[in-house]
Every structure is written in structure tokens, then in C-alpha cells.
1. Chymotrypsin sites (Phe, Trp or Tyr not before Pro), restricted to segment 50-114: which are DSSP loop and have at most 16 other Cβ atoms within 10 Å?
2. Can you run phi through the Karplus equation (6.51, -1.76, 1.60; θ = phi - 60°) for segment 130-139 and list ³J(HN,Hα) in whole Hz, with x for Gly and Pro?
3. Can you put MET10, MET60 in order of Cβ neighbours within 10 angstrom, beginning with the fewest?
4. Could you tell me which of rounded, prolate or oblate describes segment 83-157, using a ≥ b ≥ c as the square roots of the eigenvalues of the alpha-carbon gyration tensor, with rounded for a/c under 1.5 and, failing that, prolate when a/b is larger than b/c and oblate otherwise?
5. Short version: ³J(HN,Hα) in whole Hz for each residue of segment 52-67, in order, from phi by Karplus 6.51 cos²θ - 1.76 cosθ + 1.60 (θ = phi - 60°), x for Gly and Pro, what are they?
6. Using only the alpha carbons of segment 16-90, determine the length spanned along each of the three principal axes and report them from longest to shortest in whole angstroms.
7. So for each of 114-126, 38-50 I average, over its residues, the number of other beta carbons within 10 Å; can you give me the resulting order with the highest mean first?
8. Using amide H atoms built in the peptide plane, which far-off residues or other-chain residues are under 5 Å from VAL116 H to H?
Amino acid sequence: MTWARRFLPMPTSALMVDPGVAAQSPKGYSDRELKEIAATVPAIYDRIKEGATEKDFLDMRLSADPKDRQMGETYAHLFRDAPSSNPLAAAYDGTDLVVDKGNHRVRAAREVGVPVLPVWVSASSEAQLDRVEHACARRIEREGASAYRDAHLAHEKTIAFERNGPRERWLGEVRERDWHTPERER
């Protein structure tokens, strides 16, 4: 069975981390470095709200400014769908959103108060994934972090349009033009 999968803004409070995961990151990041990376996510969402594009973030990786470099690297790892990225992932098990990839980063984000993280979320069906998305959207709103969710969704829509033109399927809606395209796999 293939699970449905979507890249969504998730409230950190909804993500269940594995308590059995070692305290130290296996990739060698210190606790301080993980917190610095996590603290960059709200700044990325703020830049997205200001109109920054994927290209802008990727260009930041070459900046002389260490904060811009950190932002570009964090974007490249968490927000891009590329072989070199290292996104967060969680699966809905019917009760909880269990983190599959990124337990240390989610813990660090919670510790520094990051309310929303970009996560590849999997569920056993599209309907279940829709329910998770809507429940998390309400939670983000209750937690006062709707601006991050709005920035994430607008950015994803822009990227989909840039990559697929006017025919993309995005979050269950078919973009209307002079034609109607068949549904495509994500």
C-alpha cells in the first residue's frame, strides 16, 4: 500500500518525537548548532512573506554574511525537494504524527520556541491526510502562528506554478485555465 504524502507546515507541538532516540545527533551537530538551525525557520518564513524566492534562498548559501548562509543552508535542507536536502518527515499512525526523520531538529525547535516546521507528512490515505492537515491548520491558528502557515502555503503554490506552469494540481484544487488537466501524482 502506498501512503499519501504532502509537504505541510506542522505545529511543533503536534509532532511526536521518539524518546528512544539518542540525545546526541548522529550527524555530529551539537545541541547549540541544532537550536541555531531551528531558530532560522521563522526567519525563513518571514523572508518568504517578504517575497523571497527559492533562488534567493539558494543564493544566500554563497553570502559573506554567516546568518544569510545559515538561512540558505537551512532552506536547502528543510524546504527543498532535492536529493541533497534533508527534510523533516512524520507519519500519521491514526492517533499521532510520529517523526520519522528529524527527531533532534524537532526537539531543538521546541526548545527555542519555533511554532511551525516544514514537514513531509504521510498518512494511509488522502482523506486521512486531509484530516491531519485541517486539524493542524486549526492548531496553528489557535497557537497564533497562522502567518507562518500562510507563508508556507503561498511559497509552495509559487514553486508549483514555477515548476509546472498553469496546469499544476495543488492541495486538491485543479487550477482552471482554458483546459482541464488530468490529475497527476505528486
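Throughout, read-outs are computed from the coordinates displayed, never taken from laboratory work. Note that the structure is a prediction, hence the values are computed from the model and not measured. Note: ideal-geometry Cβ built from the backbone for every residue, glycine included; neighbour counts use all protein chains shown.
1. Filter output for segment 50-114: empty list.
2. 4, 4, 4, 4, 5, 5, 5, 4, 5, 5
3. Fewest-to-most Cβ neighbours within 10 Å comes out as MET60, MET10.
4. Working: a/c = 1.28, a/b = 1.04, b/c = 1.24.
Cα axes put segment 83-157 in the rounded bin.
5. Per-residue couplings from phi come out as 5, 9, 4, 4, 4, 5, 5, 5, 4, 4, 9, 5, 6, 7, x, 5 Hz.
6. Sorted from largest, the Cα extents of segment 16-90 read 39, 25, 23 Å.
7. 114-126, 38-50
8. Residues meeting the criterion, in which the H sits 1.01 Å from N, are THR12.
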